[in-house]
Amino acid sequence: MLALLGLLLALVLSGLLVRSWCPFLGDDVRVFYRAVRLAVLTWRYSRRQPPVTLLDVFLQRVQQQPDKALVLFQGRPFTYSELDRHSNQLARVLQRRATLQQGDCVAILLSNQPLFISVWLALAKLGCPVSFLNFNIRARSLLHCLQCCAPRLLIVGEDLRCSVEDVLPSIREENVTVLILDDKCTTESIGKDEIQAASDQPLPLSLRSHVTFKTPFTYIYTSGTTGLPKAAIITHARVHRMVSFIMTCGIQSNDVIYTTLPLYHSAGSIIGICGSIYAGATVVLRHKFSASQFWDDCRKYDVTVIQYIGEVLRYLCNSPKKSNDKDHKVRMALGNGARPDIWKEFLNRFGNIQVCEFYGATEGNVGFFNNTGKIGASGRINVLTRMFMPFRLIKYDVDREAPVRDANGHCIEVAKGETGLLIAKITSKSPFTGYAGNNALSNQKRLRDVFCKGDLYFNSGDLMMLDNDNFIYFKDRIGDTFRWKGENVSTTEVADILSVLDFIQEVCVYGVTIPGHEGRIGMAAIQLRNGRDLDGEQLYEYLRAQLPSYAWPWFVREQKSLETTGTFKYYKVMLMKEGFNPMTVQEPLYVLDEQKGTYIPLHQELYNSIIAGQVKL
């Protein structure tokens with residue numbers, strides 16, 4: 001008896017010591033087990049002939065749970081089998097109307113609705129990779145995105161017809177067929193009657209017989225760190241890796257996942273839709289985010305998991321408080337970009353919700369996952385992370401916009417607690433597939449001869465910090481991109497568009513911070529042509545026609561000249577630091593007044609109102 005008591009006491013003491021020395025051991029073991037199990041499953045899928053793609057996983061779910069809702073949209077369920085049959089019909093119509101063959105790229109311009117998923121599945125059944133176009137883009141940006149992937153066909157939703165009407169002649173010059181999905185049935189549109197008349201029987205596997213794990217599944221656009229939007233190549237293997245990575249958070253088949261994020265982004269499509277398919281779960285899809293309807297939807301549909309970006313949590317916390325704020329079944333919030341102060345406020349207000357913050361670029365070969373709920377951390381590093389995604393944080397010179405190298409030309413790793421540029425080694429286990437149609441841009445993301453001759457790393461463009469407990473934190477984004485309203489904004493793209501205006505001589509676009517807001521809002525420093533004045537009305541109308549609102553420069557700084565570096569790059573770091581405070585900036589400042597449809601002078605009182613959050617931006 002004494003021996004048994006001694007053994008029990010030893011076990012208890014051992015457990016207490018382990019908990020004291022390794023407080024996150026239990027979380028790490030749980031995540032490690034899930035990750036290994038999913039990695040083995042993906043390996044098995046890759047070894048089969050033909051390999052098991054995400055589409056095959058969907059078809060398995062159709063057989064296993066045909067009457068279960070994959071999507072709930074505007075109160076209506078769309079079951080796994082219903083979406084399967086509808087996608088079969090669409091595939092037959094698209095094949096007939098556009099004579100599609102496997103390997104042909106198809107671009108889609110569709111808003112958040114079940115039709116997006118049906119079209120995506122239909123094209124996958126034809127063996128066609130799909131290019132997801134941002135439905136906010138217009139004119140030159142839209143044409144550029146089409147040129148990246150050289151699609152044979154562009155499919156447009158009826159509600160987005162106006163987005164392409166002005167550039168239809170230019171699109172056709174690229175030999176791209178355009179089909180509108182609406183209620184009519186013409187040579188340029190596909191009506192509902194035509195789709196319903198098509199057979200809903202399964203399509204032959206021969207239509208996608210050449211698909212491998214290395215075949216492109218989708219193209220998702222990202223601004224990266226420089227230039228116009230780039231089409232990240234998402235192969236069938238990468239989809240499995242991305243979904244497996246996020247499934248380690250513990251998504252189950254009985255979960256109901258709520259997403260208001262746009263499906264043209266990887267968070268909405270790959271994490272939200274593909275993640276739900278992988279788990280056999282249900283996703284509640286909303287046309288767009290609404291802070292006032294968010295929790296009512298969660299209660300109505302018994303939501304258990306919500307997707308977020310930092311802005312979503314902030315909007316929810318800023319919405320009027322209600323007595324039933326904690327009356328819901330949400331157990332997990334999954335996303336990225338949550339600021340520590342908002343994170344804390346979200347938990348205090350809406351209850352005991354596990355916030356699963358993660359980090360990962362759409363095109364990147366490295367990702368982190370916060371499995372402990374440590375507020376502010378983008379992830380926790382464990383043995384598995386180092387094994388499958390070897391990464392380093394290196395010293396970076398923000399003024400020179402380049403990594404710091406030693407006398408031997410090698411990069412210098414920062415110590416724990418120091419901020420450095422995140423880079424990840426490119427290997428067969430963690431490849432970087434690059435961007436469609438542009439090897440030069442892909443090579444710009446490859447960092448060579450980093451620690452020794454011949455080694456190769458992916459340059460994330462993000463500054464991060466690793467602490468002594470192996471938690472990693474996102475600090476800032478480098479280069480010519482900033483993030484506003486949950487969207488990446490390419491400063492090069494905005495500057496190129498602004499430079500067309502006849503009263504602008506030179507322009508430099510950058511992002512500036514505003515207290516209480518995630519990311520950076522757009523600002524432009526401009527040099528006017530001799531004898532010309534700033535035309536605020538013309539500038540506003542031009543921006544409204546050319547760019548989505550999140551990419552507009554809301555602040556304008558008028559300068560006599562724009563200084564550049566020896567390599568002709570603008571001194572953006574200095575401009576960003578000076579911001580838009582009339583007390584520190586001597587040149588004329590303007591701010592966009594959307595109600596008046598023009599730019600107005602920014603005086604100190606108005607500046608104070610903006611900083612205090614009294615002006616909506």
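Within region 362-379, is there a residue that is among the acidic types (Asp, Glu), in contact with a Phe, Trp or Tyr (Cβ under 8 Å, 6 or more places away or on another chain) and over 25 Å from Val71 (Cβ atoms)?
yes
Answer yes if at least one residue in region 601-617 is within 24 Å of Asn488 (Cβ to Cβ), of a type in the set (Phe, Trp, Tyr) and either open to solvent by 70 Å² or more (accessible area, probe 1.4 Å) or at pLDDT 90 or above (or both), and no otherwise.
So far as region 601-617 goes, no, none of its residues is within 24 Å of Asn488 (Cβ to Cβ), of a type in the set (Phe, Trp, Tyr) and either open to solvent by 70 Å² or more (accessible area, probe 1.4 Å) or at pLDDT 90 or above (or both).
Between Gly511, Gly519, Gly597, which is at positive phi, within 25 Å of the chain's Cα centre (by Cα) and either modelled with pLDDT of 95 or more or surrounded by 12 or more Cβ atoms within 10 Å (Cβ to Cβ) (or both)?
One residue alone meets the criteria, Gly519.
Considering region 186-203 alone, what residues qualify as being more than 14 Å from Asn88 (Cα to Cα), among the polar types (S, T, N, Q) and open to solvent by 90 Å² or more (accessible area, probe 1.4 Å)?
The answer is Thr187, and nothing else.
So, Ser206, is that one assigned to a loop (DSSP other than H, G, I, E, B) and surrounded by fewer than 16 Cβ atoms within 10 Å (Cβ to Cβ) or not?
Judged against the criteria, Ser206 is not a match.
Would you mind listing the strands (runs of 3 or more DSSP E) fully within region 337-428 where at least 3 residues are in contact (Cβ under 8 Å) with a residue 40 or more places away in the chain, closer than 22 Å to Asp480 by Cα and open to solvent by 30 Å² or more (accessible area, probe 1.4 Å)?
none
Could you run through region 74-114 and say how many residues are open to solvent by 40 Å² or more (accessible area, probe 1.4 Å) and within 21 Å of Tyr264 (Cβ to Cβ)?
Residues that pass the stated criteria total 3.
Got a sec? Which of Asp166, Asp159, Asp255, Asp183 is open to solvent by less than 50 Å² (accessible area, probe 1.4 Å) and not basic (Lys, Arg)?
Checking each option against the conditions leaves just Asp255.
Hey, among the residues in region 316-331 that are among the hydrophobic types (A, V, I, L, M, F, W, C) and part of a helix (DSSP H, G or I), which one's surrounded by the most Cβ atoms within 10 Å (Cβ to Cβ)?
Result: Leu316.
Being open to solvent by less than 10 Å² (accessible area, probe 1.4 Å) and among the aromatic types (Phe, Trp, Tyr): is that true of Phe135 here?
no
List the residue pairs whose Cβ atoms are under 9 Å apart, where the first residue sits in region 190-214 and is touching a residue at least 60 places away in the same chain (Cβ under 8 Å) and under 30 Å from Arg241 (Cβ atoms), the second is buried (at least 17 other Cβ atoms within 10 Å of the Cβ) and aromatic (Phe, Trp, Tyr), and the two are 6 or more positions apart or on different chains.
These pairs meet every condition: Val211/Phe217; Phe213/Tyr45.
Look through Leu498, Leu466, Leu447 and report the one residue that is under 21 Å from Tyr542 (Cα atoms) and surrounded by 17 or more Cβ atoms within 10 Å (Cβ to Cβ).
Leu498
Considering only residues that are out of contact with any helix residue (DSSP H, G or I) (no Cβ under 6 Å at 6 or more places or on another chain) and open to solvent by less than 10 Å² (accessible area, probe 1.4 Å), which ones fall in region 274-291?
Ser276, Ala281, Val284, Leu285, listed by residue number.
If I filter region 48-73 down to residues being modelled with pLDDT of 95 or more, outside any helix (DSSP H, G or I) and not aliphatic (A, V, I, L, M), which single residue comes out as surrounded by the most Cβ atoms within 10 Å (Cβ to Cβ)?
Per the criteria, the residue is Thr53.
Got at least one residue in region 29-44 being among the hydroxyl-bearing types (Ser, Thr, Tyr), more than 26 Å from Leu153 (Cα to Cα), at pLDDT below 90 and open to solvent by less than 50 Å² (accessible area, probe 1.4 Å)?
yes
What is the number of the single condition among (1) more than 28 Å from the chain's Cα centre (by Cα); (2) not in a loop (DSSP other than H, G, I, E, B) that Asn581 does not meet?
Looking at each condition in turn, Asn581 falls short on (2).
Give the number of residues within region 292-315 that are part of a helix (DSSP H, G or I) and either open to solvent by 30 Å² or more (accessible area, probe 1.4 Å) or among the polar types (S, T, N, Q) (or both).
Total meeting the criteria: 6.
The values are calculated or read from the model by the stated rules, or taken from the named source; none is laboratory data. Source: prediction; values computed, not measured. Cβ: placed from backbone, ideal geometry, glycine included. Neighbour counts: every protein chain shown. Heads up: the accessible areas ignore ligands, DNA and RNA and are worked out on the full protein's heavy atoms, side chains in. Shrake-Rupley method; radii C 1.70, N 1.55, O 1.52, S 1.80 Å.
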